[in-house]
Amino acid sequence: MKTKSIFYFLTFTIFFQTSCTSTKDIRMFQDLHKKNTISNNSTPPPKHIIKPYDNLYVSILTLDPNVNILFNPSGGGETSAGNTQYMYGTPASQYINGYRVNREGLITLPILGEIQLTDLSLNEAEEKIKTKAKEYLKEPSVHIKLLNYKVDILGEVNSPNNYYNYEETLNIFEAIGLASGITLYADLKNVIINREIDNKTYTYKVDLTNSDIYKSEVFYLQPNDMVYIPPTKLKSRNTDNSTISILLTTITTALAVFAVIK
């Protein structure tokens with residue numbers, strides 16, 4: 001009888017240790033249940049200001065296809081889409097084929113020569129290059145994209161990695177989406193974002209369960225930001241529980257065998 005009691009006790013302990021845990025901590029916008037709509041006064045997304053060592057995609061198009069090939073080796077002809085993928089489809093090819101802003105803030109374009117771009121937004125840089133191109137070309141069209149807009153998404157996400165963004169903006173929720181979402185152990189109340197500003201690293205802690213995140217200065221991520229979603233205490237506890245459960249299972253099995261033999 002005593003052996004049976006111990007057996008039942010250990011079985012209940014295993015069930016308790018491995019039971020499902022609450023998912024309350026991994027719900028975003030937990031303040032939404034108090035109202036039907038979240039109204040936020042988030043600031044407009046910031047414009048990227050070109051800095052030394054930025055890597056840029058620059059496209060200059062005209063009505064003359066021969067001129068287009070000169071300024072855009074990936075463009076023109078029937079294979080332009082394939083050439084673009086070949087030249088800009090990976091971070092390595094982007095690094096090689098992009099126009100890198102040097103330490104003095106200059107890029108060098110065919111025929112147009114050196115052009116100073118630091119402290120300009122992408123739109124302002126387009127206008128500056130277009131003005132320069134008009135000295136040599138008829139009705140040029142200029143497009144610029146930032147190739148080194150990279151963010152690191154680490155911690156409790158399903159696909160931690162560094163991700164490149166080719167749009168002008170990227171907010172923190174879009175970044176988490178790139179990483180295939182959060183895991184069951186994500187601590188959304190203590191998310192860490194590291195950002196480098198003027199060669200200094202700043203660390204921010206944000207709460208993604210509160211709609212005030214929209215007002216945060218780090219809601220829109222900047223190139224080279226690092227987002228870390230830490231695990232909850234639940235993960236550590238469940239890891240310990242797994243070890244305990246294995247031990248208790250072994251003991252329970254031994255007791256069951258002993259009871260049968262007895």
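Derivation of every value follows stated rules applied to the coordinates shown; laboratory data play no part. Being a predicted model, the structure only gives us computed values, none of them experimental. Don't worry about glycine lacking a Cβ; one is built from the backbone with ideal geometry, like all the others, and counts go over all protein chains shown.
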Applied in sequence order to segment 219-227, the curve 6.51 cos²θ - 1.76 cosθ + 1.60 (Karplus, θ = phi - 60°) yields integer Hz couplings, x standing for Gly and Pro, of 4, 8, 7, 10, x, 6, 5, 10, 10
From the P(r) of segment 148-224, can you give the percent of Cα pairs sitting at distances over 15 Å? 55 percent
Give the aspartates and glutamates whose C-alpha is closer than 20 Å to that of Lys233, dropping any in the same chain fewer than 8 places away, or say none. Asp25, Glu156, Asp187, Asp207
Straight-line reach from Lys132: which aspartates and glutamates have Cα under 14 Å away, leaving out those fewer than 8 places along the same chain? Glu114, Glu124
So for the pair Ser141, Glu104, with labels modelled 7 Å out along Cα→Cβ, what separation do we get in nm? 3.3 nm
Given a cut-off of 31 Å, name the pairs among Lys130/Lys200; Lys47/Lys200; Lys47/Lys138; Lys150/Lys189 whose C-alpha atoms lie farther apart than that in the structure shown. Lys130/Lys200
Based on the Cβ-Cβ distance of Glu127 and Tyr164, what FRET efficiency does E = 1/(1 + (r/R0)^6) give at R0 = 35 Å, to the nearest 0.05? 0.85
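Kindly rank 147-154, 129-136 from highest to lowest mean number of other beta carbons found within 10 Å of each residue. If you can, show how the numbers build up before the last one.
Working: 147-154: 19.4, 129-136: 15.9.
Packing order, densest peptide first, comes out as 147-154, 129-136.
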